[in-house]
Structures are given as structure tokens and as C-alpha cells.
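Before any comments, here is the structure.
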Amino acid sequence: MISIVPGVVLDENEIELSFIRASGPGGQNVNKVATAVQLRFDVQHSVSLPPPVRERLRAIAGRRVSREGVLVITAHRFRSQEQNRNDAVERLVALIREAATPRKTRRPTRPTRGSRQRRLESKRRRGEVKQGRRAVDLP
């Protein structure tokens, strides 16, 4: 069990890890050892996450979530399999943690009397500047 935030715990059995060959530096190791990690997490059918968290996670993850609702994270930053595995799980936990904290609702506010007066005063001054640019009609 992976603790995300109080009240949200992720079951490790819902995470599917597969190892693939990574591109980039590593010498002959690149061709022999599958060090990159591909983490798959079924957001759509997860029993660990409450429905609102699932919806926010789908929105936050964006293109990383497939049509079937599976989140795919590929980690190949490190040269060791263990470090990449930890990196992938940490990135998943960070995404879920972000989705678990709801956004603050915006409380509408009204402009103060002083800000309205300043706005109208600047509009009046701007109008005077523009009026001063007009051609003067001679009789």
C-alpha cells in the first residue's frame, strides 16, 4: 500500500510495471539490459481512488491517459532499473497527490470604490488626451 494523502491509499497490485530497453547513453549496456520502466495504472477502473480524484487525475495527466483510461508513465532517466522503477512510482504518486487536493473555488469579489474612481479618472484623462489631438474646426 502506498499512502498518497490522508484518506487516499493506492494498492500496489493496481500498478503494472514492465521493463523496456532505453535509448540514450549507456554503451553496450543499452543493447543488453532493459533498464527503462513503463508503468501502467488503470485510472478508469481503480478501486483505490475516489471518483472525483479519478476525474481530476484524468484531466491532469492529459495525453498520458489512453482512451481506455490507462495512465502510462515511462521512466528512463537513470541507468539502473531500480532507480527508474522508483522514479516512475514517485511520478505517479505526485500526479495522484496533485489530483487529490481539490482546487480552491473562486469567490467572486467586487471592485472597491477607490479602484472604480481611479479607473474612471484614467478614462477621463485618456479621453481628454484624444480630444486634444482632434483637428480644430475654424468658422
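Laboratory data are not the source of any read-out in this text; all were calculated from the coordinates shown. What you see is a predicted model; the values in this text were computed from it and never measured.
Side notes on the structure shown:
- Measuring nothing but alpha carbons in the stretch 70-139 and taking Rh as the Kirkwood radius, the Rg to Rh ratio lands at 1.57.
- The phi torsions of the stretch 43-55, fed into the Karplus equation with coefficients 6.51, -1.76 and 1.60 and a -60° offset, translate into couplings of 5, 4, 10, 6, 8, 6, 9, x, x, x, 5, 4, 5 Hz, rounded to whole numbers, with Gly and Pro shown as x.
- If the chain linking Val129 and Arg40 were pulled fully straight, counting 0.36 nm for each residue of separation and taking away their Cα-Cα distance, it would gain 25.7 nm.
- Gain upon complete extension [Glu98, Ser18; 0.36 nm per residue less C-alpha separation]: 26.3 nm
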